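Structure record follows, encoded as structure tokens.
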Amino acid sequence: MDLHQLKNFLILSEILNFRKAAEQINIVQPALSKQIQLLENELGAMLFDRSKRAVRLTEAGIFFQKEAQRILQDMNKTIVRTAQVHNGEAGEVRITHSSSAMNTVVPSFLVKVRHKWPLLKTIAQETSNFQQLDMLLARKTDIGVAPNIVLPPEVSSKILYRENFVLIFPLGHPLSKKKLNDLSFLRNETFILPQLATGAGYVETILQICQTYGFRPRVAHESAHSIGVLRLVEAGLGIAMEPLSSVRGANMKIKAVELKNLPQKVEMNLFWLREREEELSRFIEMF
């Protein structure tokens, strides 16, 4: 059974005349009769009641007519959908991102994609640098957005923007009102940071800043998500160092002090598998 047989069957089921149907299909009548006979043999059912006077659909033929129409409609949809997927107009694109990226570049990217390709499904997942890289290498995501991430050779990237770090204190903390040109004052503070193992470059940057001022931060709590870090600071469980964008829109009892003079900056990276660059170029260009 093939699509031509189904199409020819449907033409005959509407015209109910072998000669006229064969003329419309542009084949000889015996060829059409042979196709229908082969189709009936394959189905194990008579589709037409043939008599000298007229050709009529049998009960099985009426059922098969409806199903054949549905099959061809579904196939046409599949053909169109396949072309849309190939052209990036349908299917899905998966993006992983850090917490602060959701306050900057991710929403505008999702809006652009939806405007250009309304049928394309977008999946955005917030996770750690380490898990983003792990998912990318396993092809469980297409594009990642992460700060200060260390990438292997098989991954390409570009820096989307640079921004300052901020120190985050609970309201009323003694250091929140001081000018912090010398961060060595923080040596006795308790820090809330992401896990070193999941930072993949980001946490190392924070540790480097602290080591520049002669101390290693005492970490009391760990959280991979900025909102979790901010909530723990608000609760008075420690201080934190985060990207400036992570406190954007945060209505909490915290004080953020921007570290404008630090040479180390937050570098937000867009990254993807090098071998998929051509395939993903239309999305990369949207950032």
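Looking at segment 149-165 only, could you name the residues that are more than 18 Å from E277 (Cα to Cα) and either of a type in the set (D, E, K, R) or at pLDDT below 95 (or both)?
Scanning segment 149-165 gives I149, V150, R162, E163.
Taking the options N8, N87, N17, N41, name whichever one is open to solvent by 60 Å² or more (accessible area, probe 1.4 Å) and either in contact (Cβ under 8 Å) with a residue 24 or more places away in the chain or within 22 Å of the chain's Cα centre (by Cα) (or both). So that I can check it myself, show each step before the final result.
Numbers: N8 fails: open to solvent by 60 Å² or more (accessible area, probe 1.4 Å); N17 fails: open to solvent by 60 Å² or more (accessible area, probe 1.4 Å); N41 fails: either in contact (Cβ under 8 Å) with a residue 24 or more places away in the chain or within 22 Å of the chain's Cα centre (by Cα) (or both).
Selected residue: N87, the only one of N8, N87, N17, N41 that is open to solvent by 60 Å² or more (accessible area, probe 1.4 Å) and either in contact (Cβ under 8 Å) with a residue 24 or more places away in the chain or within 22 Å of the chain's Cα centre (by Cα) (or both).
Give all pairs with beta carbons closer than 8 Å in which a residue from segment 276-287 that is over 19 Å from V105 (Cβ atoms) and touching a residue at least 60 places away in the same chain (Cβ under 8 Å) meets a residue that is acidic (D, E) and buried (at least 16 other Cβ atoms within 10 Å of the Cβ); count only pairs at least 6 apart in sequence or on separate chains.
R276/D142
For segment 95-102, does any single residue satisfy the condition of being modelled with pLDDT under 95, touching a His at 6+ places or on another chain (Cβ under 8 Å), in a loop (DSSP other than H, G, I, E, B) and of a type in the set (S, T, Y)?
As a first pass, look at segment 95-102 and keep what is modelled with pLDDT under 95: 98-102.
Subsequent filtering for residues that are touching a His at 6+ places or on another chain (Cβ under 8 Å) retains 99.
Subsequent filtering for residues that are in a loop (DSSP other than H, G, I, E, B) retains 99.
Narrowing further to those that are of a type in the set (S, T, Y): 99.
Yes, some residue in segment 95-102 is modelled with pLDDT under 95, touching a His at 6+ places or on another chain (Cβ under 8 Å), in a loop (DSSP other than H, G, I, E, B) and of a type in the set (S, T, Y).
Restricting attention to segment 99-131, and to residues there that are free of Cβ contacts under 8 Å to residues at least 40 places away in the same chain and open to solvent by less than 40 Å² (accessible area, probe 1.4 Å), which single residue is farthest from the chain's Cα centre (by Cα)?
Looking at the filtered set, the residue picked out is W117.
Only residues in segment 261-274 that are farther than 13 Å from N148 by Cβ count as the first member; pair them with residues that are open to solvent by 60 Å² or more (accessible area, probe 1.4 Å) and not basic (K, R), Cβ under 6 angstrom, at least 6 apart or cross-chain, and list the lot.
Short answer, once both residue conditions are applied: R274/E154.
Are any residues in segment 132-164 assigned to a strand (DSSP E or B), over 18 Å from M102 (Cβ atoms) and touching a helix residue (DSSP H, G or I) at 6+ places or on another chain (Cβ under 9 Å), and if so, which ones?
V155, S156, K158
Please go through segment 106-129 and pick out each residue that is touching a His at 6+ places or on another chain (Cβ under 7 Å) and not β-branched (V, I, T). Give the steps one after another, and end with the answer.
We begin by selecting, within segment 106-129, every residue touching a His at 6+ places or on another chain (Cβ under 7 Å); these are 106, 124, 126.
Matches in segment 106-129: A124, E126.
Can you name the residue in segment 43-84 that is assigned to a helix (DSSP H, G or I) and of a type in the set (D, E) and, of all such residues, is farthest from H4 (Cα to Cα)?
Initially, segment 43-84 is screened for residues assigned to a helix (DSSP H, G or I), giving 43, 59-84.
Pick out the ones that are also of a type in the set (D, E) and you get 59, 67, 74.
Values: E59: 22, E67: 15, D74: 15 Å.
Per the stated criteria, the residue is E59.
Could you count how many residues in segment 239-258 are in contact with a Phe, Trp or Tyr (Cβ under 8 Å, 6 or more places away or on another chain) and open to solvent by less than 10 Å² (accessible area, probe 1.4 Å)?
Qualifying residue count for the region: 5.
With the checklist (1) modelled with pLDDT of 90 or more; (2) within 21 Å of T127 (Cβ to Cβ); (3) open to solvent by less than 10 Å² (accessible area, probe 1.4 Å); (4) of a type outside the set (S, T, Y) in hand, flag the one item N269 doesn't pass.
Evaluating N269 over (1) modelled with pLDDT of 90 or more; (2) within 21 Å of T127 (Cβ to Cβ); (3) open to solvent by less than 10 Å² (accessible area, probe 1.4 Å); (4) of a type outside the set (S, T, Y) leaves (3) as the failure.
Checking Q24 against (1) in a helix (DSSP H, G or I); (2) exposed (fewer than 12 other Cβ atoms within 10 Å of the Cβ), only one condition comes out false. Which one?
(2)
The values are calculated or read from the model by the stated rules, or taken from the named source; none is laboratory data. Given the structure is predicted, the values throughout are model-derived calculations rather than measurements. We place every Cβ from the backbone using ideal geometry, glycine too, and count neighbours over all the protein chains shown. Surface areas here come from the heavy atoms of the whole protein model, side chains and all, with no ligands, DNA or RNA. Shrake-Rupley method; radii C 1.70, N 1.55, O 1.52, S 1.80 Å.
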